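Beneath this line is the structure, given in structure tokens, with notes to follow.
The values are calculated or read from the model by the stated rules, or taken from the named source; none is laboratory data. Bear in mind that the values here come from a model prediction, so they are computed numbers and not experimental data. Cβ atoms come from the backbone with ideal geometry, glycine included; neighbour counts cover every protein chain shown.
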Amino acid sequence: MSNPRTVRAARGLTLSAKGWQQEAALRMFHNNLDPEVAEHPEDLVVYGGTGRAARDWRSFDRITASLRDLEGDETLLVQSGRPVGIMRTHEWAPRVLLANSNLVGDWANWPEFRRLEAEGLTMYGQMTAGSWIYIGTQGILQGTYETFAAVAAKKFGGTLAGTITLTAGLGGMGGAQPLAVTMNDGVAIVVECDGSRIDRRIEHRYLDVRADSLDEALDLAVRARDERRPLSIGVLGNAAEVFPELLSRGAPIDVVTDQTSAHDPLAYLPVGVFFEDWKALAAAKPEEFTVRARESMAAHVEAMVGFLDAGAEVFDYGNSIRDEAREGGFTRAFDFPGFVPAYIRPLFCEGKGPFRWAALSGDPADIARTDDAILDLFPDNEHLARWIRMARERVAFQGLPARICWLGQGERAAAGQRFNELVASGEITAPLAIGRDHLDTGSVASPYRETEGMKDGSDAIADWPLLNALVNTSSGASWVSIHHGGGVGMGRSIHAGQVSVADGTELAAAKLQRVLTNDPAMGVIRHVDAGYEEAERVADAHGIRVPMKEG
Ligand code: NAD
């Protein structure tokens, strides 16, 4: 399937589709595969190991042609990256509906998924890969910045200055870690087994330096820590060897996490396998490879628990490494928590989550205007203002210029209205695509991540993301998706996404008001239902109706 052709979203005001809603889907689909954005565009892989934007190149071509041909009252149906139908609907309906990687419960495991994938019947959609709203590493940067800020608040008096964080993985998502740590004034050592990933993060200014050895990495880290100077250091190696080595040396590590692609054992390099042999071996002997990867993850997580025992702040960063390590025979894998229950759930109770938008013009000045609009809309939110200022200064755009910030109930609708007005007035030169990650307040069931440790034990209830997709479809979103697997792997999550286009029309204003109110409200009601009092307060404050609390 590998094909070296270069895909890049169109820029400017000339449409190749029949309206901006369709054009937006087309540009965001292509943007996902821009070499600046995607990790392996030649294989249609956007991020997260194998997360694809389309099933194969023929599907890519047919999706492109279908979006160009699609009328404003038609809906394109995409089944795991392949366009399977075009139906007459109506102008309030989404222009695209996508379902990716979904399998019936008992069949929802990696061997069955891979069998079907090999037959050409499905593809892995990750979260924003198959739903066409990935915006490069910035997408995860703010969430990672928020998480490390929460670590700093919980344990280090509000700053990571004078601390060393150890983590691994510099891929599409993991690449945000070093910059998120330095934005919180800390020092990061990041272990990565693929040298090209280290170079890419340095090129994109997410990582400061590359150390040639572990000794050099430690030396640089300790010096920067002592001077309370932020610094991020990439070091080439296998985390399953480097973490235990650092532990046995008694390295002074304060925070430990990991973002290798552990959710998919074939995307995790086991100890003893050469980097160059990885893909061929994983393809030739997937079962044997899985066993070896899990054994290595067991060693990796055992070292993380060792750091926990030594007093470090340790958390799972949403890649299922604890469960894989447990499968690999390490019984204490769940001794440390996932990052959502540890730091993020209070934000979810307020309907807060990773809101994002992209400028379809391709003009960075349009994003600068949206940045100003956000600063103007929320003048009292210093945390948000700090993020926007730092992002402006330090984030290099990948593909279409885009911005992310976590906004909650009421805030998202206000931002959507303001953005649509700016498009209508011409201050922003072309429409904006406004979406979010599937990792959001009310759009995901994922017992090892977003819904780990829910107050009422409802972690695995997956009705919520399905209702979320249905409510966004009913509210006027431009494209809506339902995926299985995502960041934590087959059998472990079901989640939904939406993207809505601000094209400056009154119709878009009406749709945006509903979608950007109802979408985060799903998170508020989900947490009210689970018994979170904070969510009840938010529901009351925003007039969100919850029948079981009425009468
Ligand atoms: P990716 O595949 O782009 O990158 C993973 C990186 O890990 C690769 O560069 C790979 O070379 C490296 N790696 C693999 N095995 C290694 C080993 N043994 N030692 C050192 N490095 C190793 O994936 P990504 O998009 O960066 O995502 C990373 C993980 O985070 C995935 O499991 C993903 O599902 C998960 N994820 C988490 C969140 C979150 O919010 N926390 C969000 C999205 C994805």
Members of segment 274-301 found to be in contact with a helix residue (DSSP H, G or I) (Cβ under 7 Å, 6 or more places away or on another chain) and surrounded by fewer than 24 Cβ atoms within 10 Å (Cβ to Cβ), listed by number:
L281, A282, P286, F289, T290, R294, A298, A299
Could you check segment 79-93 and list, in sequence order, the residues that are crowded, with 22+ Cβ neighbours inside 10 Å and free of Cβ contacts under 8 Å to residues at least 40 places away in the same chain?
P83
Any residue at all in segment 14-35 that is charged (D, E, K, R), crowded, with 21+ Cβ neighbours inside 10 Å and touching a residue at least 60 places away in the same chain (Cβ under 8 Å)?
yes
Could you give me the residue pairs with C-beta distances under 6 Å whose first residue belongs to segment 336-348 and is part of a helix (DSSP H, G or I), whose second residue is hydroxyl-bearing (S, T, Y) wherever it lies, and which are 6+ apart or on separate chains?
F339/T147; F339/Y317; Y343/T147; F348/T441
I'm told D199 meets every condition in (1) within 16 Å of the ligand (Cβ to nearest atom); (2) part of a helix (DSSP H, G or I); (3) under 21 Å from the mean Cα position of the chain (by Cα) except one. Can you identify the failing condition by its number?
(3)
Just give me the residues in segment 248-268 being of a type outside the set (D, E) and either within 7 Å of the ligand (Cβ to nearest atom) or within 19 Å of Y343 (Cβ to Cβ) (or both), in sequence order.
I253, V255, V256, T257, Q259, T260, S261, A262, H263, A267, Y268
Considering only segment 119-136, I want to know if a residue exists there that is of a type outside the set (D, E), part of a helix (DSSP H, G or I) and surrounded by fewer than 24 Cβ atoms within 10 Å (Cβ to Cβ).
no
Can you tell me which residues in segment 139-187 are away from the ligand (no atom under 13 Å from the Cβ) and polar (S, T, N, Q)?
T159, T163, T165, T182, N184
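To keep it simple, each residue is scored yes or no on (1) within 16 Å of the ligand (Cβ to nearest atom); (2) modelled with pLDDT under 95; (3) closer than 23 Å to S361 by Cα.
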site	(1), (2), (3)
W479	no, no, yes
H484	yes, no, no
V488	yes, yes, no
S493	yes, no, no
V499	no, no, yes
T505	no, no, yes
A509	no, no, yes
R514	no, no, no
N518	no, no, no
Is it true that V7 is under 17 Å from S101 (Cβ atoms), hydrophobic (A, V, I, L, M, F, W, C), in contact (Cβ under 8 Å) with a residue 24 or more places away in the chain and outside any helix (DSSP H, G or I)?
no
Which of the residues that make up segment 390-446 are assigned to a loop (DSSP other than H, G, I, E, B), over 25 Å from F339 (Cα atoms), in contact with a strand residue (DSSP E or B) (Cβ under 7 Å, 6 or more places away or on another chain) and not aliphatic (A, V, I, L, M)?
P401, P431
Flagged in segment 206-215 as closer than 20 Å to D254 by Cβ and among the acidic types (D, E), in numbering order, are D208, D215
Kindly list the number of the only condition in (1) away from the ligand (no atom under 16 Å from the Cβ); (2) crowded, with 24+ Cβ neighbours inside 10 Å; (3) not aliphatic (A, V, I, L, M) that fails for P465.
(1)
Looking only at residues in segment 448-462 that are of a type outside the set (A, V, I, L, M, F, W, C) and touching a Gly at 6+ places or on another chain (Cβ under 9 Å), which one is surrounded by the fewest Cβ atoms within 10 Å (Cβ to Cβ)?
D456
All positions within segment 269-300 that are within 12 Å of the ligand (Cβ to nearest atom), in contact (Cβ under 8 Å) with a residue 60 or more places away in the chain and either within 17 Å of R322 (Cβ to Cβ) or within 25 Å of the chain's Cα centre (by Cα) (or both):
L269, H300
For segment 301-328, which positions are part of a loop (DSSP other than H, G, I, E, B) and either within 13 Å of the ligand (Cβ to nearest atom) or without any contact (Cβ under 8 Å) to a residue 12 or more places away in the chain (or both)?
G311, F315, Y317, G318, N319, S320, G328
